[in-house]
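Working notes for the structure below.
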Amino acid sequence: MTLLEKQGVPTVAFTAEAFVRDARRSAESFGLPELPIAVVPKPFTNQPPEAIRAMVAGAIDQVIAGLTRPLTRAEIPEELVFIDEEWLEFEGEDLLGAVRAMNERFLAYGWSDGFPLVPPTEGALEQMLKGTGRSPEDVVGVLEPGFGLATVKKVAANAVMAGCRPEHLPVVIAPVECLAEPKIYLRNKAMPTCAHTPLRWVNGPIRKRSGLNGGICALGPGAPSFANTVIGRAVRLCLMNLGHAYPGVSDMDTVGSPLKYSACVAENEEASPWPPYHVGHGFDPEASTVTVQFV
Amino acid sequence: MTLLKVFNPVAKSVKTHLEPAPRPSDLNGKRIGLYWNLKAGGDVALKRTMELLSEPFPGARFGFYQGEVGFMMRHLTPKGAERIAREVDVVIGTTSD
């Protein structure tokens, strides 16, 4: 609809009540918070034709108004919390109490995947950034659906929170860069009612350097898959905190999936009867690659 | 008390602002585009919309549109939006959600 408004065409879109927050948030992200919607009680999908016809009849005045009346900026829901300050402070009776306070606040803000987070302190961030030769302020990409500016430092902060080590950071940055590619059409995978998750498939020497498991139980859980787990988790946190794909507001996945917490594996190149996946795509066997495929 | 200072992990948005298209005062005589992304039920909704608007706006004309890319769901591209913009005055859309 924003594409059409940009072309000078007034628009209005039917939107089910459950998707109003999502629609408002999307309209704001695309720079048109005034975009009118005609609210119907339920999604049209799976409703019998008579019910759809009745819902449309009940919303037709909103359709006419949306196309013919001047627009006003809609109320944007405030479930999402954006804070301008670069550094945040938390207090506790001891360090554990302060960590708990941070976790509780991040959970309330929607910045957490639900598991405890490691605090991205200045020292932890400094250590994590040693895992890359890139400058902390380098822009890795702009992530949909919220068009968040993913700098190396922001990616590193989310990697710290996920429990990553510095040697894992390149395997977190690469898929974030991949997800920012327009042709991957991230908003189509991050926002819908389906449980899409970006499976990351790692090839080349970085598998060993980062400790990734390509063998038994590679998708976790457990100690052999520690790197897989935390790298996968870091990318999920990046989707949320850098792309602003927050469940219930801008990620409308109907049921969700355990895979969305973390999904990262290394190819067992040594045991495979086939050439490594990246070699099949024209890369040198000694090159390190990360492939992102939504599953 | 112990103080913990942490880096804000949330990215700032790259903000844009578009001006909404100017609205006509009524829909009579207008070319009305009905846009569907192919998700179930949306076609029924748009046909009903056409029926309901035909009576109060007898001079309105209607055209049905879908996005050009995608399989189960069809999405509009900037090129597709340009084409629709050349052919209609207003658009009513549904994604069925």
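No value in this document is a laboratory result; all are computed from the given coordinates. All values derive from a computational prediction rather than experimental measurement. All Cβ positions, even for glycine, are placed from backbone atoms using ideal geometry, and neighbour counts span all protein chains on display.
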> Which loop GluC sites (Glu not before Pro) in region B:62-97, with loop taken from DSSP, have no more than 13 other Cβ atoms within 10 angstrom of their Cβ?
Replying inline: B:Glu68
> How far apart, in nm, are the 7 Å Cα→Cβ label points at B:Leu18 and A:Leu149?
Replying inline: 2.2 nm
> Tell me, A:Trp87, A:Trp111 in order of fewest to most beta-carbon neighbours within 10 Å?
Replying inline: A:Trp87, A:Trp111
>> Below 8 Å between Cα atoms, with a sequence gap of 6+, how large is the relative contact order for region A:120-294 in percent?
In response: 29 percent
> What does the charge dipole of region A:1-154 about its Cα centre add up to, to the nearest 20 debye, if the Cβ of each Lys and Arg holds +1 and the Cβ of each Asp and Glu holds -1?
Replying inline: 820 debye
> Cα convex hull of chain B: mean projected area in nm², to one decimal?
Replying inline: 11.3 nm²
>> Can you tell me the length gained on complete extension of the stretch B:Ser54 to B:Met72, counting 0.36 nm per residue apart and subtracting the Cα distance?
In response: 3.5 nm
> In deg cm²/dmol, rounded to 500, what helix-only [θ] at 222 nm does chain A give when every DSSP H run of at least 4 residues adds -39500 (n - 2.57) and the total is split over its residues?
Replying inline: -11000 deg cm²/dmol
> In degrees between 0 and 90, to the nearest 10, how far off the longest principal axis of chain A does helix A:49-68 point, with axes built from Cα atoms?
Replying inline: 80 degrees
> Any idea what the relative contact order of chain A is, in percent, if you count C-alpha pairs under 8 Å spaced at least 6 apart?
Replying inline: 17 percent
> In region A:218-295, what GluC sites (Glu not before Pro) fall in a loop by DSSP, with at most 14 other Cβ atoms inside 10 Å?
Replying inline: A:Glu270, A:Glu286
>> Suppose the chain between A:Asp94 and A:Lys42 were pulled fully straight at 0.36 nm per residue; how much longer would it get relative to their current alpha carbon spacing?
In response: 13.8 nm
>> Placing unit charges on C-beta atoms (Lys and Arg positive, Asp and Glu negative, everything else neutral), compute the dipole magnitude of region A:2-68 about its Cα centre in debye, rounded to 20.
In response: 120 debye
> Hey, rough spin-label estimate for A:Glu104 and A:Glu286, points 7 angstrom out along Cα→Cβ, what's it come to in nanometres?
Replying inline: 5.4 nm
>> Take A:Ser257 and B:Leu3, extend 7 Å from each Cα along the Cα→Cβ direction, and tell me the distance between the two endpoints in nm.
In response: 4.5 nm
>> Please compute the contact order of region B:1-96 in relative form: average sequence separation of alpha-carbon pairs under 8 Å and at least six residues apart, divided by the residue count, as a percent.
In response: 37 percent
> What are the principal axis extents of the Cα atoms in region A:120-294, in Å, biggest first?
Replying inline: 44, 38, 32
>> Placing +1 on the Cβ of each Lys and Arg and -1 on the Cβ of each Asp and Glu in region A:26-131, which of A:Pro33, A:Ala108, A:Gly131 has its Cα farthest towards the positive end of the resulting dipole?
In response: A:Pro33
> How do B:Tyr35, A:Tyr109 rank when sorted from fewest to most other Cβ atoms within 10 Å of their own Cβ?
Replying inline: A:Tyr109, B:Tyr35
> Under Stokes-Einstein, with the Kirkwood radius over Cα pairs standing in for Rh, what whole-number D in µm²/s applies to region A:44-176 at 37 °C and 0.692 mPa s?
Replying inline: 176 µm²/s
> Restricting attention to region A:1-104, which trypsin sites (Lys or Arg not before Pro) occupy a DSSP loop and are surrounded by at most 15 other Cβ atoms within 10 Å?
Replying inline: A:Arg73
> Where nothing but the Cβ of Lys and Arg (+1) and of Asp and Glu (-1) is charged, how large is the charge dipole of the protein assembly as shown around its Cα centre, in debye to the nearest 20?
Replying inline: 840 debye
> FRET efficiency for A:Glu17 and A:Ala271, Cβ-Cβ distance as r, R0 = 41 Å, nearest 0.05?
Replying inline: 0.20
>> I need the calculated FRET efficiency for the pair A:Ser135 and A:Ala54, taking r as the beta carbon distance and R₀ as 51 Å, to the nearest 0.05.
In response: 0.30
> Amide H to amide H under 5 Å from A:Lys42: which residues, 5+ apart in sequence or cross-chain, H placed 1.01 Å off N in plane?
Replying inline: A:Glu17
> By count of other Cβ within 10 Å, fewest leading, how are B:Ile84, A:Ile37 ordered?
Replying inline: B:Ile84, A:Ile37
> Looking at the protein assembly as shown, what % of its DSSP beta bridges pair antiparallel, to the nearest 5?
Replying inline: 45 percent
> Quick one: helix A:152-162 against the long Cα principal axis of chain A, what's the angle to the nearest 10°, folded into 0 to 90?
Replying inline: 80 degrees
> Pairing the Cα long axis of helix A:226-241 with the longest principal axis of chain A, what angle in degrees results, from 0 to 90 and rounded to the nearest 10?
Replying inline: 30 degrees
>> When the expected Rg is taken as 2.2 N^0.38 Å, what fraction or multiple of it is the alpha-carbon Rg of the protein assembly as shown?
In response: 1.11
> Which listed residue (B:Met50, A:Leu212, A:Val160) has the Cα farthest towards the positive end of the charge dipole for the protein assembly as shown, taking +1 on Lys and Arg C-beta and -1 on Asp and Glu C-beta about the Cα centre?
Replying inline: B:Met50
